[in-house]
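The values are calculated or read from the model by the stated rules, or taken from the named source; none is laboratory data. Everything quoted here is computed from the prediction, not taken from an experiment. Cβ atoms come from the backbone with ideal geometry, glycine included; neighbour counts cover every protein chain shown. For accessibility, only protein heavy atoms count, side chains too; no ligands or nucleic acids. Shrake-Rupley method; radii C 1.70, N 1.55, O 1.52, S 1.80 Å.
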Amino acid sequence: MKRVFLTSTPSHRNAYDLFEGRWASDLSELVPDLPVGGGLPGFRADPRPRQAAEILGCDGRLDGYDVLELGPLEGAHTCQLEALGANSVTAVESNSEAFLKSLIVKNIAGLTRSTFLLGDVSRHLAAPGPRYDLIFACGILYHMFDPLELIRLAAARSDRLFLWTHYFAAQPRLRRHVPRPVEHEGMRLTLHELTYRDRGLATFWGGNQGKTRWIELPDLIRVLAHHGLTETRVVTDAPDFVNGPAVTLAAWRPSAPPPA
């Protein structure tokens, strides 16, 4: 990022303007005097953090929960998770620009229980570390070259997983996906490989590798169960969703203890 020295009155707008035209979120939800953009309404209107709290929390709240958020993008859901009472939110983001934007959002929103980390989510899960009361992963599984490994790692670190992801279904618009038979811990299934074409664009919010592999919805549920998350609830299934079929899904172990 180009070094800039400002002589104007300090404001949150100055920080916003560092990435003018490149925000994925609508920050006017957070600060009304910021420009209203066409971005995602993740700070208020997006129901997914509340859905996670209703299904996997306690009385619709996350009080006492230590949450791991995978792929926070610009921290919109992070704000909601903290507002829902999370004891802590550790948010791991691979995109360096999105990470810096998250820090701006953290400052604007006054988040005090959220920590943003820059790096690979699978490496974070594979490294020694604490268990989490909830893993919240919206918009990341379908960007993984090995989504099965991410599920395995996540299930080893938490009894509760909340997902929003695209999945593969046989549709003409997904004809660029190439089927790849794989074996995962004795299970045979097919992932569907897609090569990114737009990684060089400033508005690319995809994964940190050049290819990704989408999973089929029945196989997603089967792999979750294989790794102990045998209870699942499909919140919404949108086979006609823009850019590909998408599902909002909660999964958990029946014996999941309450947060300490």
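State the percentage of accessible surface on the chain attributable to carbon and sulfur atoms; use a 1.4 Å probe and exclude ligands, DNA and RNA. Write out the running numbers ahead of the final one.
Numbers: 6650 of 12630 Å².
Carbon and sulfur atoms account for 53 percent of the accessible area of the chain.
Between Val242, Val31, Val223, which gets the highest mean-square fluctuation from a Gaussian network model of the chain, Cα cutoff 10 Å?
Residue with maximal mean-square fluctuation among Val242, Val31, Val223: Val242.
Where the eigenvalues come from the Cα gyration tensor of segment 81-235, what are the semi-axes √(5λ) of the equivalent ellipsoid, largest first, in whole Å?
Its equivalent ellipsoid spans semi-axes of 27, 21, 13 Å.
For segment 174-260, which GluC sites (Glu not before Pro) are both in a DSSP coil and crowded by at most 11 other Cβ atoms within 10 Å?
Working: sites: Glu183, Glu185, Glu193, Glu216, Glu231; in loops: Glu185.
In loop regions of segment 174-260 (DSSP not H, G, I, E or B), the sparsely surrounded GluC sites (Glu not before Pro) are Glu185.
Work out the FRET efficiency for Arg180 and Thr7 from their Cβ-Cβ distance, taking R0 = 41 Å, and round it to the nearest 0.05.
Taking R0 as 41 Å, the efficiency between Arg180 and Thr7 is 0.15.
For segment 205-253, would you read off the P(r) tail past 14 Å as a percentage of all alpha carbon pairs? Intermediate values should be presented prior to the final figure.
Values: 704 of 1176 pairs.
Cα-Cα pairs in segment 205-253 separated by more than 14 Å: 60 percent.
At 7 Å along Cα-to-Cβ for each site, give me the label-to-label distance between Asp237 and Ala126 in nm.
Output for this residue pair reads 3.3 nm.
As I understand it, the value is the acute angle between the Cα axis of helix 96-109 and the longest principal axis of the Cα atoms of the chain; what does it come to in degrees, rounded to 10?
The helix 96-109 is inclined about 60 degrees to the chain.
Label-point separation (nm) for Ala256 and Gln171, each offset 7 Å from Cα along Cα-to-Cβ?
Those two pseudo-labels are separated by 2.7 nm.
How large is the accessible surface per residue of the chain, computed with a 1.4 Å probe and reported in Å² as a whole number?
49 Å²
Computed over the Cα atoms of the chain, what is the convex hull's projected area averaged over all directions, in nm²?
On the way: hull surface 58.1 nm².
Orientation-averaged projected area of the Cα hull: 14.5 nm².
Between Arg50, Arg157, Arg175, which gets the highest mean-square fluctuation from a Gaussian network model of the chain, Cα cutoff 10 Å?
Comparing Arg50, Arg157, Arg175 in a Gaussian network model of the chain, the most mobile one is Arg175.
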